[in-house]
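Participant: Pasting a structure below so you can have a look.
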Amino acid sequence: MFVVSLISALKSARHIAVLTGAGISAESGIPTFRDAQTGLWENFDVATLASPQGFLSDKDLVWGWYEWRRMQVLKTQSNPAHYALARLAEQVEHFTLITQNIDDLHERAGSRDVVHLHGSLHLPRCFSCGMPYMFPERISQEPADGRRLPPPRCRHCNGYIRPGVVWFGEPLPEAEWMHAELAMKACDVFLSIGTSSMVWPAAQLPIDAAHRGAVVVQINPDKTSLNALARYNLEGKAGEILPRLVESVVKAKM
Ligand code: OAD
């Protein structure tokens, strides 16, 4: 059961903005970054795998690692939390879904115009000239966990193809960030789901939304720095809480 005031805020909202993180895809089987033991950054070297310098120093290692992750994602499916957000979008006049995730599980659940703040595993490009690269339809090589794989070369300039994700030290894609900021300013409810709220500038969005008067709702089994600011902290798994929450909003609107 949810408190009446939460359902009423969602029911009467004109614009709902949502920020998702790795936790929303955890129930699909994709590891998060910072969870103890299972988190990717517990088991792999972030400096090598998530920086332009790391790519330049060992391209085969970095390309192979992201290809391994892309293969993992291709084998997974959207979970009830992704579907619930697609359903929530239909209940409100304006809905903006911002994600830090580089998978496509929101889109596969039916969400449209997803704002990918940290890029996508599915949109690689040339390291040198930025030309987008199209993956071949058939997957010929599936690198096992950590196996080296040489990156393809750019058809335009023969540069190395790099993963289409934002690495540490790189700016966020400008259009996506502007879109996210506009939504943060315009929304009356902001949902922060499955993110540790530790990576900036994404973590700033719910904080600024709260300061501007939006109702901030957090869904996470663990506490984060956002707990102090969020009006509602729903402690638990997104795949269990979100479908029930959205069902309550749908019923309240009938
Ligand atoms: P983190 O791994 O930092 O945090 C995942 C959060 O999800 C944690 O707070 C968990 O408690 C929570 N969580 C775990 N299971 C959950 C579930 N079933 N339902 C809801 N929440 C759950 O991941 P992010 O916050 O997304 O950046 O990390 C932000 C960025 O750091 C990532 O986009 C990535 C990483 O470095 C780049 O690669 C640029």
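Taken together, the values in this text are just the output of simple stated rules run on the coordinates, not laboratory data. Since we're looking at a predicted model, the values are computed, not measured. Quick reminder, even Gly has a Cβ in these numbers, built from the backbone with ideal geometry, and neighbours come from all protein chains shown.
Participant: Going highest first, how would you order 153-160, 190-197, 1-8, 84-91 by mean Cβ packing within 10 Å?
Facilitator: For the peptides 153-160, 190-197, 1-8, 84-91, the packing ranking is 190-197, 84-91, 153-160, 1-8.
Participant: In whole percent, what relative contact order does the chain give with Cα contacts below 8 Å and a gap of six or more residues? All intermediate terms of the calculation are to be shown ahead of the outcome.
Facilitator: On the way: 461 pairs, mean separation 64.8, N = 254.
The normalised contact order for the chain reaches 26 percent.
Participant: Extension gain Arg148-Ser57, at 0.36 nm per residue separation less the Cα-Cα distance, in nm?
Facilitator: Working: separation 91, 0.36 × 91 = 32.76 nm, distance 1.29 nm.
Once the chain is fully extended between Arg148 and Ser57, it gains 31.5 nm.
Participant: Which whole-number percent gives the relative contact order of region 168-254, counting Cα pairs below 8 Å spaced six or more residues apart?
Facilitator: 23 percent
Participant: How about Lys59: which aspartates and glutamates have a C-alpha closer than 17 Å to its C-alpha, ignoring those fewer than 8 places off in the same chain?
Facilitator: By straight Cα distance, Lys59 reaches Asp45, Glu67, Glu142, Asp145.
Participant: Among the aspartates and glutamates, which have Cα under 15 Å from the Cα of Lys253 when same-chain residues fewer than 8 positions away are ignored?
Facilitator: Glu90, Glu93
Participant: A further question on this structure: Sort Asp45, Asp188 so the one with the fewest other Cβ atoms within 10 Å of its own Cβ comes first.
Facilitator: Asp45, Asp188
Participant: Among the lysines, which have Cα under 23 Å from the Cα of Lys75 when same-chain residues fewer than 8 positions away are ignored?
Facilitator: Within the straight-line cut-off, Lys75 pairs with Lys237.
Participant: Taking the number of other C-beta atoms within 10 Å as the exposure measure, put Leu56, Leu234 in order starting with the fewest.
Facilitator: Exposure proxy ranking, most exposed first: Leu56, Leu234.
Participant: In the chain, what percentage of the DSSP-assigned beta bridges are antiparallel, given to the nearest 5?
Facilitator: Here the antiparallel bridges make up roughly 20 percent for the chain.
Participant: Using +1 on the beta carbon of Lys and Arg, -1 on that of Asp and Glu, and nothing else charged, what's the dipole of region 184-254 about the Cα centre, debye to 20?
Facilitator: Charge dipole of region 184-254: 180 debye, to the nearest 20.
Participant: A further question on this structure: Could you list His179, His116 so that the one with the fewest beta carbons within 10 Å of its beta carbon is first and the one with the most is last?
Facilitator: His179, His116
Participant: In Å, what is the Rg of the alpha-carbon atoms in the chain, and how long is Dmax?
Facilitator: Spelled out, the Cα radius of gyration and Dmax of the chain are 18.7, 59 Å.
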